[in-house]
Amino acid sequence: MRISRLRDIIVVTCFLMLLLLIAMKLERDNTELFDGTFRAQDGDSLVLGDKRLRLSGIDAPELAQTCLRRGIAWNCGRQAQAALARLVAGGGANCQGNERDKYGRKLVRCYRDDLDINGEMVRMGMAVAFGDYEQEEAEAQSGGSGIWSAEFIRPAEWRKTHQPAGDRETPHVSSFLGALFAFE
């Protein structure tokens, strides 16, 4: 009786491991590639045709956000958008990702040749690290690049206090279901 119970445990464990491996393979195969002419919607979002993409691992100042440099306000949100636009200008950039954010945007890492665009935005001081790119943020901060040369509020905090409830993007049921089931 003891041997059959041990055998059952081993069989169930192997079956669960097999399911896990299949799920990992399907997740990897779900990675989408995007290339073409991107438009910078803001400092961490791109538009490609009807696709909305969000650069993963970074958070850039919002378009209306200003920073204070030597006592003078400057539109760091618009500067971040312009920096991202320059990085993707003229084609040659590509993005890839397999997850979605709560608004249904594909979370992507973008590259131009060997340049990691997400990391470059942080390195230039045009975005803060958001789960990734801590080394690039430390470089920008120590070099006083971009927003690190000014007084600023982190974008997530700025959004909490500066965007009226009606202006915030709200997730839709279809976006939620799309993110949940990764249809597309």
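Among the residues of segment 54-82, how many are aliphatic (A, V, I, L, M), surrounded by fewer than 20 Cβ atoms within 10 Å (Cβ to Cβ) and in contact (Cβ under 8 Å) with a residue 40 or more places away in the chain?
Of the residues in segment 54-82, the ones aliphatic (A, V, I, L, M) are 55, 58, 60, 63-64, 68, 72-73, 80, 82.
Subset that is surrounded by fewer than 20 Cβ atoms within 10 Å (Cβ to Cβ): 63-64, 68, 72-73, 82.
Pick out the ones that are also in contact (Cβ under 8 Å) with a residue 40 or more places away in the chain and you get 64, 68, 82.
Selection size over segment 54-82: 3.
Quick check on this structure: which one of Tyr103, Tyr111 is within 17 Å of Leu53 (Cβ to Cβ), surrounded by 15 or more Cβ atoms within 10 Å (Cβ to Cβ) and free of Cβ contacts under 8 Å to residues at least 60 places away in the same chain? So that I can check it myself, show each step before the final result.
Details: Tyr103 fails: free of Cβ contacts under 8 Å to residues at least 60 places away in the same chain.
Only one candidate qualifies: Tyr111.
Of all the residues that make up segment 119-157, how many are farther than 21 Å from Arg70 by Cα and of a type in the set (S, T, N, Q)?
Residues meeting the conditions: 1.
Let me spell it out: the conditions are (1) more than 17 Å from Ala150 (Cβ to Cβ); (2) modelled with pLDDT under 95, and Arg70 meets all of them except one. Which number is the exception?
Just one mismatch for Arg70, condition (1).
Would you check if there is a residue in segment 41-52 being touching a residue at least 24 places away in the same chain (Cβ under 8 Å), under 19 Å from Val128 (Cα atoms) and assigned to a strand (DSSP E or B)?
Checking segment 41-52: at least one residue is touching a residue at least 24 places away in the same chain (Cβ under 8 Å), under 19 Å from Val128 (Cα atoms) and assigned to a strand (DSSP E or B).
Could you list, in sequence order, all residues of segment 125-141 that are surrounded by fewer than 22 Cβ atoms within 10 Å (Cβ to Cβ) and either of a type in the set (Phe, Trp, Tyr) or within 26 Å of Trp74 (Cα to Cα) (or both)? Quick ask: steps written out before the conclusion?
From segment 125-141, those surrounded by fewer than 22 Cβ atoms within 10 Å (Cβ to Cβ) are 129-132, 134-135, 137-139, 141; that's our starting set.
Across segment 125-141, the qualifying residues are Ala129, Phe130, Glu134, Gln135, Glu137, Ala138, Glu139, Gln141.
Somewhere in segment 129-144, is a residue closer than 14 Å to Gly57 by Cβ, at pLDDT 95 or above, under 17 Å from the mean Cα position of the chain (by Cα) and aliphatic (A, V, I, L, M)?
The answer is yes, given that some residue of segment 129-144 is closer than 14 Å to Gly57 by Cβ, at pLDDT 95 or above, under 17 Å from the mean Cα position of the chain (by Cα) and aliphatic (A, V, I, L, M).
For a quick check of your reading of the model, give me the residue pairs whose first member lies in segment 144-156 and is without any contact (Cβ under 8 Å) to a residue 24 or more places away in the chain and closer than 20 Å to Ala82 by Cβ, whose second is among the β-branched types (Val, Ile, Thr) and buried (at least 17 other Cβ atoms within 10 Å of the Cβ), with beta-carbon atoms closer than 6 Å and at least 6 apart or on different chains.
none
The values are calculated or read from the model by the stated rules, or taken from the named source; none is laboratory data. None of these values were measured; they are calculated from a predicted model. Backbone-built Cβ (ideal geometry, glycine too); neighbour counts: all protein chains shown.
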